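The block underneath contains the structure these notes are about, expressed in structure tokens.
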């Protein structure tokens with residue numbers, strides 16, 4: 001990390017202002033344009049070099065397929081989704097429910113689960129794919145297509161924080177997340193397992209129209225009649241349990257993303 005970035009991150013107010021400016025101008029940012037131009041320049045240089053080499057295949061103009069975003073030092077990965085999806089998948093694979101219901105999590109996560117057990121995926125934007133052992137339903141987390149206490153195993157990863165902010169075309173509602181939690185609680189049976197994740201921080205707040213952040217203790221308290229089975233907190237540079245999170249000096253992470261994953265069970 002450059003010295004300038006380190007300095008900014010040590011100055012919380014400055015870092016917060018920089019983040020605000022970044023997200024406000026990102027839709028108009030010329031950075032991607034210049035990145036594409038430089039990528040094409042490198043592509044053309046490689047093209048000329050390659051077809052001058054002995055043994056290169058015959059050149060056909062219509063066969064060119066510029067791939068300009070893969071010159072990276074490491075494989076790009078969203079560290080938050082990587083850890084939360086693998087953590088929850090491991091728990092579901094261990095429990096092997098007869099049927100698992102997922103609401104709005106990633107398509108890859110749902111598809112892999114279908115190789116272990118029957119999966120029902122519910123989303124306002126239903127998955128346009130089909131697999132054996134997987135069914136996809138168009139549905140709203142504020143009105144799930146299940147009876148009271150019908151579901152024994154349910155996941156919803158990085159979903160409820162968006163509800164009511166209009167990001168995905170849903171109606172604006174300041175109580176969207178609370179209503180989503182109530183609906184998830186309604187459909188789970190006693191003894192049923194819930195796997196859920198949200199951005200967490202020392203205080204609750206909204207980053208309109210992207211997501212809400214929840215204090216972890218307050219978030220757990222929103223699930224009346226549930227007990228905590230396990231937790232995983234994901235930082236950009238570490239993972240830990242809730243017990244370790246409580247002891248951690250969180251000042252360096254005051255303006256940085258932390259995702260809390262919770263395995264809850266309805267009593």
> Taking the stretch 218-246 only, how many residues are more than 20 Å from the chain's Cα centre (by Cα) and either without any contact (Cβ under 8 Å) to a residue 24 or more places away in the chain or not assigned by TED's automatic domain parsing to the domain that holds residue 205 (or both)?
Replying inline: 5
> Of all residues in the stretch 183-198, how many are assigned to a strand (DSSP E or B) and either at positive phi or crowded, with 19+ Cβ neighbours inside 10 Å (or both)?
Replying inline: 9
> Considering only residues of the stretch 72-97 that are exposed (fewer than 10 other Cβ atoms within 10 Å of the Cβ) and over 14 Å from the mean Cα position of the chain (by Cα), which is modelled with the highest pLDDT?
Replying inline: 94
>> Quick check on the stretch 82-93. Is at least one of its residues out of contact with any helix residue (DSSP H, G or I) (no Cβ under 6 Å at 6 or more places or on another chain) and in a loop (DSSP other than H, G, I, E, B)?
In response: no
> What about residue 259, is it within 24 Å of residue 13 (Cα to Cα), assigned by TED's automatic domain parsing to the domain that holds residue 141 and surrounded by 14 or more Cβ atoms within 10 Å (Cβ to Cβ)?
Replying inline: yes
>> If I go through the stretch 58-67 residue by residue, how many of them are closer than 13 Å to residue 44 by Cα and at pLDDT below 90?
In response: 1
> Which members of the stretch 201-240 meet the condition of being closer than 20 Å to residue 109 by Cβ and surrounded by 14 or more Cβ atoms within 10 Å (Cβ to Cβ)?
Replying inline: 211, 230, 231, 232, 233, 234, 239
> If you check 154, 172, which single one turns out to be surrounded by 16 or more Cβ atoms within 10 Å (Cβ to Cβ), out of contact with any helix residue (DSSP H, G or I) (no Cβ under 6 Å at 6 or more places or on another chain) and not in a helix (DSSP H, G or I)?
Replying inline: 154
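The values are calculated or read from the model by the stated rules, or taken from the named source; none is laboratory data. Note that the structure is predicted; figures quoted are calculated from it, not measured. Counting neighbours? That spans all protein chains shown, and the Cβs are built from the backbone with ideal geometry, glycine included.
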